[in-house]
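*Asks:* Could you have a look at this structure, given as structure tokens, before my questions?
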Amino acid sequence: MKGYIWRYTTGILLVLWMAVIFCFSSQPAEESSEVSGSVAYRLVSLADRLWEGDFTEQQRLIYAEFIDYPVRKAAHMAEFAVLAVLACAFMSSLGRPGRWRYLWAAVFTALYAATDEVHQLFVPGRAGRVTDVCIDTLGAVIGLILLFLCRLVYRRWKTGKAG
């Protein structure tokens, strides 16, 4: 029974996260830019406060515009890292062996990234780009590497072999 609960839970979370990504990709370019721009602006404002700077409003806007692109791409990478981890968890619930579950999760995430870019071709102001598929897939691989390393550290800690 426990296996079925894990399978359904991970499956539902996987589908829900795919829906979240789909919703973000459905935003027209202007709306998406406003969201990422506001995040970049908040980051610049936070940095200004933390380092006790004295940026003018104009400087904050310039710095926010400067970091907007990396912030957007980092968000894409994070979205797809989460997707890959959820896909790996779902593959685990199906009883896939260790190495293969990581590979299948990476392939699944890369395919979803490709379909996401095709979807964006039909959204006003958006474009489907192969480079975005690569960025999303890189995020997935980084997420899977972090998952692997966390599991490795946990197993060593649990068996008392850490340190």
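Derivation of every value follows stated rules applied to the coordinates shown; laboratory data play no part. Because the structure is a prediction, the values reported are computed rather than measured. Note that each Cβ is placed from the backbone with ideal geometry, even for glycine, and that neighbours are counted across all protein chains shown.
*Asks:* Using a Förster distance of 41 angstrom, determine the FRET efficiency expected from the C-beta separation of F22 and L43, and round it to 0.05.
*Replies:* With a Förster radius of 41 Å, E is 0.95.
*Asks:* Obtain the nm distance between the two label points defined at E34 and T9 by a simple spin-label model: each point lies 7 Å from its Cα along the Cα-to-C-beta direction.
*Replies:* 3.8 nm
*Asks:* Right, next: Can you compute the FRET efficiency between A127 and T159 using 1/(1 + (r/R0)^6), with r the Cβ-Cβ distance and R0 = 45 Å? Round to the nearest 0.05.
*Replies:* 0.35
*Asks:* Using only Cα atoms, tell me the angle between helix 130-158 and the longest principal axis of the chain; keep it within 0 to 90° and round to the nearest 10.
*Replies:* Computed tilt is about 50 degrees.
*Asks:* Now for a different question. Connecting C-alpha atoms closer than 10 Å in a GNM of the chain, tell me which of A106, A19, A84 has the biggest fluctuation.
*Replies:* Among A106, A19, A84, the largest GNM mean-square fluctuation belongs to A19.
*Asks:* With a ≥ b ≥ c the root eigenvalues of the C-alpha gyration tensor of the chain, is it rounded (a/c under 1.5), prolate (a/b larger than b/c) or oblate?
*Replies:* Working: a/c = 2.61, a/b = 1.48, b/c = 1.77.
Verdict is oblate for the chain.
*Asks:* Let me spell out the model: positive unit charges on the Cβ of Lys and Arg, negative unit charges on the Cβ of Asp and Glu, origin at the Cα centre of the chain. What dipole size does that give, in debye rounded to 20?
*Replies:* The dipole magnitude comes to about 1540 debye.
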